[in-house]
1. Hey, among Gly209, Gly256, Gly295, Gly290, which residue is small (Gly, Ala, Ser) and touching a Gly at 6+ places or on another chain (Cβ under 8 Å)?
2. Has segment 354-365 got at least one residue that is open to solvent by 30 Å² or more (accessible area, probe 1.4 Å), of a type in the set (Lys, Arg) and over 30 Å from the mean Cα position of the chain (by Cα)?
3. Between residues in segment 592-608 that are within 13 Å of Arg655 (Cα to Cα) and residues that are surrounded by fewer than 18 Cβ atoms within 10 Å (Cβ to Cβ) and hydroxyl-bearing (Ser, Thr, Tyr), which pairs lie under 9 Å by C-beta distance while being six or more apart or on different chains?
4. Just the residues that are in contact (Cβ under 8 Å) with a residue 24 or more places away in the chain, open to solvent by 50 Å² or more (accessible area, probe 1.4 Å) and outside any strand (DSSP E or B), please, taken from segment 195-220.
5. Within segment 418-444, track down each residue that is open to solvent by less than 50 Å² (accessible area, probe 1.4 Å), modelled with pLDDT of 80 or more and touching a strand residue (DSSP E or B) at 6+ places or on another chain (Cβ under 7 Å).
6. Among (1) surrounded by fewer than 18 Cβ atoms within 10 Å (Cβ to Cβ); (2) at pLDDT 85 or above, where does Val566 come up short?
7. Can you work out which of the residues in segment 137-160 that are open to solvent by 60 Å² or more (accessible area, probe 1.4 Å) and of a type in the set (A, V, I, L, M) is farthest from the chain's Cα centre (by Cα)?
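The values are calculated or read from the model by the stated rules, or taken from the named source; none is laboratory data. Please read all numbers here as calculations on a predicted model, not as lab measurements. Neighbour counts run over all protein chains shown; Cβ positions are idealised from the backbone, glycine included. For accessibility, only protein heavy atoms count, side chains too; no ligands or nucleic acids. Shrake-Rupley method; radii C 1.70, N 1.55, O 1.52, S 1.80 Å.
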Amino acid sequence: MAEPDKRQFGDGSDNYSQAASDLVRAANEARNQATSAAAGASVSGGIKVGKAVAGIAKGAAVGGPWGAIASAAWSMRHTLYKLLVCTALFFLFIIVTIVSLPSIVTNGVFGLDGSKPVEGATLTDTYGEMAAAVSAAVNHGYDLSLAEADRLIEAGGYDYKLSMDSLVNYGHSSSGYDTCYVLAAYSASMEQQGTSKEDMVAKLESVAGAMFPVTSVEKEHERIIPLTYYSYAPVTLTVITSAEDTGDGQFSYETGQRTYYYPYEFYTSEEPVTVDAYQPVDVRIPVYDGGTVTGFRYASYYVPVGTETLYPDTEIVKYLECTIHPFDNSVIHRAFGIDPSATYDQFHITYGEAIQHMANALKMTLYGSLEGGKAVPLTDEELIAFVNRQDCSPARKHILSTALSLVGKVPYFWGGKSAPGWNDAWNTPRLVTSEGSSSSGTIRPYGLDCSGFTSWVYNTAMGVEIGAGTSGQFPNTMGIDASELLPGDLAFLAGDEGWEHVLIFAGYDESGNRLWVHCTAGSGVVLNIPDYESSLVFRRLTIVDYDADVGGEVWGEPLSELTVVVTHYCACPKCCGENADGITASGKYAQRGMVAMSSYYPFGTQIMINGVMYTVEDRGGPGIEDNIHRVDIFVPDHQEALRLGTYNTTAYIYRMGW
């Protein structure tokens with residue numbers, strides 16, 4: 001073994017001047033290379049350090065900041081060696097972390113490209129600003145895709161109702177793209193220098209029209225023109241039966257009673273119908289003067305002439321089936337002029353790899369992980385089986401189904417609240433603005449906090465606002481014993497400053513254990529047995545009717561299972577045409593929880609989709625009527641209907657009709 005390989009920590013003498021010189025050189029070279037080394041630093045840093053140490057051990061001169069740092073460490077082989085090396089490595093880690101982040105985020109904070117740092121700027125503030133700019137640009141791109149579909153339909157003179165009925169919308173403005181990746185791609189395209197929000201947005205806007213591609217296919221539909229007909233009612237009339245000219249310009253009239261018919265009720269039908277046939281006749285009705293017939297007037301009535309079969313007419317209507325495709329990530333490369341397969345600067349990695357490393361570094365810095373931890377979502381089968389096991393009212397089962405529908409799908413977010421229904425903003429980066437948490441002031445995937453979750457469940461399931469925060473919800477409850485617990489009841493956990501957590505009782509598992517569904521820090525919405533259950537205070541809401549009619553019970557096994565195409569509609573003219581009055585075909589006001597399906601499914605049919613029970617209360621055009629696998633879910637807003645888009649899933653029929 002060569003002699004240098006035997007050296008141990010603490011051997012030899014110190015060379016402070018050499019160490020200081022090497023550290024200064026390391027700092028200077030690190031700063032000089034920061035602007036070009038961003039993405040590659042984290043990838044090649046370990047390799048370079050290894051080479052540097054090996055080179056020094058052999059007495060070789062090693063260039064670059066990594067060699068300088070290793071050289072400095074070798075020059076101070078003292079008993080303080082470990083401490084100084086750790087300090088150096090700490091600063092090295094900071095340098096590598098900073099230069100590994102997208103410069104569009106870091107330049108305002110550190111000024112690595114020579115620009116002056118913004119006073120008071122933080123990474124989270126800067127990221128929030130840039131993320132908002134990216135979101136606005138992508139939202140604009142999504143709106144342009146909707147406008148393009150409208151333009152194609154109207155420019156071609158296609159039937160608007162049929163075309164919108166057949167719209168296939170896979171686009172979602174809040175999903176399909178990665179904000180961190182966009183920021184990293186832009187920074188890499190600028191080689192980490194001269195980046196600005198305005199330039200980035202301008203380049204994104206240049207490709208906004210291509211973010212959500214729109215394709216279309218012209219189709220034809222044979223539309224039935226409903227026939228119209230009347231039923232007729234009899235009427236007995238006094239009529240002129242004969243008129244004789246008396247020769248002096250006067251007439252002698254004879255009258256009699258006759259039965260004729262007149263239109264009574266109006267009907268329409270899209271099916272052939274066989275009806276009594278009538279033809280019009282002109283009837284002479286006498287005109288009296290002092291009880292004497294002095295003339296007559298004509299009136300039109302009808303007489304039966306047998307029967308006839310009426311057939312509705314048809315017409316060929318052209319419509320345009322437009323498809324809005326998901327976000328096209330290739331437009332990011334096009335916007336910034338990037339070839340992802342090209343070599344990135346002096347590092348032996350591609351632009352695509354460098355961008356991904358940079359994006360991951362940003363996520364690690366902001367979130368501490370590449371993905372937030374969360375529970376595994378319940379499958380439909382698991383949710384249905386669990387709900388069916390609970391012995392409670394239909395309303396409570398509806399509340400439970402609503403709560404369980406978010407398990408594993410929505411993260412915890414301090415201060416997170418949301419209106420009823422699914423929120424597209426969930427799982428997208430947001431700044432935590434509420435105070436009082438270690439996450440305050442940081443950026444986290446948006447979701448709900450504990451009381452935001454309970455509030456959302458009751459708002460969505462029952463339309464009831466149960467109070468703001470745990471302190472606002474507790475007064476709307478009454479105390480109950482553990483033996484009285486039913487699904488939907490609440491439990492509160494006390495803290496140093498009041499109620500610090502609220503949960504919803506889900507029911508019992510197959511072993512008889514109590515389970516709770518709640519939104520908890522670190523995991524999001526979960527179904528579990530919390531280890532602090534013995535400290536919970538059991539409460540029941542006093543402002544909720546747990547026996548309310550929610551459209552039927554969820555009992556037993558589903559009647560059938562089917563694959564469905566889910567779309568969304570609102571009560572506007574674009575969705576409903578001339579029937580845009582907010583009244584469903586069943587005569588009820590449209591509201592959440594209602595769906596339109598083919599008349600194959602009678603009104604009152606219950607269908608479960610993704611853990612939520614819906615009731616068939618409406619019908620639709622041919623796109624719905626002629627497709628028994630189509631489900632159109634009502635939402636209050638047209639933009640929401642468009643943004644929710646179209647998807648395929650498995651549904652379960654629990655009841656046919658009322």
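1. Numbers: Gly256 fails: touching a Gly at 6+ places or on another chain (Cβ under 8 Å); Gly295 fails: touching a Gly at 6+ places or on another chain (Cβ under 8 Å); Gly290 fails: touching a Gly at 6+ places or on another chain (Cβ under 8 Å).
Exactly one residue qualifies, and that residue is Gly209.
2. Just the residues of segment 354-365 that are open to solvent by 30 Å² or more (accessible area, probe 1.4 Å), to begin with: 356-357, 360, 363-365.
Those left that are additionally of a type in the set (Lys, Arg): 363.
Then drop every residue that is not over 30 Å from the mean Cα position of the chain (by Cα), which leaves none.
Within segment 354-365, none of the residues are open to solvent by 30 Å² or more (accessible area, probe 1.4 Å), of a type in the set (Lys, Arg) and over 30 Å from the mean Cα position of the chain (by Cα).
3. Phe603/Ser586; Gly604/Ser586
4. Lys197, Lys203, Glu205, Ser206, Gly209
5. Ser418, Val432
6. Checking Val566 against (1) surrounded by fewer than 18 Cβ atoms within 10 Å (Cβ to Cβ); (2) at pLDDT 85 or above, the one that fails is (1).
7. So the first thing to find is which residues in segment 137-160 are open to solvent by 60 Å² or more (accessible area, probe 1.4 Å), and the list is 140, 143-144, 148, 151, 154-155, 157.
Then drop every residue that is not of a type in the set (A, V, I, L, M), which leaves 144, 155.
On the way: Leu144: 18, Ala155: 30 Å.
In this case the residue turns out to be Ala155.
To keep it simple, each residue is scored yes or no on (1) outside any loop (DSSP other than H, G, I, E, B); (2) of a type outside the set (Phe, Trp, Tyr).
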{"residue": "Ile466", "(1), (2)": "no, yes"}
{"residue": "Ser483", "(1), (2)": "yes, yes"}
{"residue": "Leu486", "(1), (2)": "no, yes"}
{"residue": "Ala491", "(1), (2)": "yes, yes"}
{"residue": "Trp499", "(1), (2)": "yes, no"}
{"residue": "Val502", "(1), (2)": "yes, yes"}
{"residue": "Glu510", "(1), (2)": "no, yes"}
{"residue": "Leu515", "(1), (2)": "yes, yes"}
{"residue": "Val526", "(1), (2)": "yes, yes"}
